[in-house]
């Protein structure tokens, strides 16, 4: 089930709640009940707003090592028909040259069913 953040303007608190997509909580009381938190001194009928937040590290670039660890290959163009395999491993060629199959990355070793 998805997680949503709700903001109560009366106290400035943001509370994370898990509930079905079709449901939208309207009041501070509903949010507190669903999240299992104490409402404090705020009226339970106080309206809340569902807010959009960015997941942690969602936009952090992985870098070449991270890409390689995930099993991907990254080729960087260096010249016409020449690409550097910056995620090479083992016996893979550093450069891939168009028309030379022996320089191709080992895709079959990186892919699985």
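The values are calculated or read from the model by the stated rules, or taken from the named source; none is laboratory data. What you see is a predicted model; the values in this text were computed from it and never measured. For neighbour counting, all protein chains shown are included, and Cβ atoms are generated from backbone atoms with ideal geometry for every residue, glycine included.
Numerical summary
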{"quantity": "Residues of the stretch 47-61 classified as modelled with pLDDT under 90 and touching a strand residue (DSSP E or B) at 6+ places or on another chain (Cβ under 9 Å), total", "calculated": "2"}
{"quantity": "Only listed residue being surrounded by 12 or more Cβ atoms within 10 Å (Cβ to Cβ) and either modelled with pLDDT under 95 or not in a loop (DSSP other than H, G, I, E, B) (or both), chosen from 93, 102", "calculated": "93"}
{"quantity": "Unique match (being within 30 Å of residue 10 (Cβ to Cβ) and at pLDDT 90 or above) among 44, 75", "calculated": "44"}
{"quantity": "Total residues in the stretch 1-22, condition assigned to a loop (DSSP other than H, G, I, E, B) and surrounded by 12 or more Cβ atoms within 10 Å (Cβ to Cβ)", "calculated": "4"}
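Conditions tested, residue by residue: (1) under 20 Å from the mean Cα position of the chain (by Cα); (2) in a loop (DSSP other than H, G, I, E, B); (3) surrounded by 12 or more Cβ atoms within 10 Å (Cβ to Cβ).
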position	(1), (2), (3)
29	no, no, yes
32	no, no, yes
39	no, yes, yes
42	no, yes, yes
48	no, no, yes
61	yes, yes, no
66	yes, no, yes
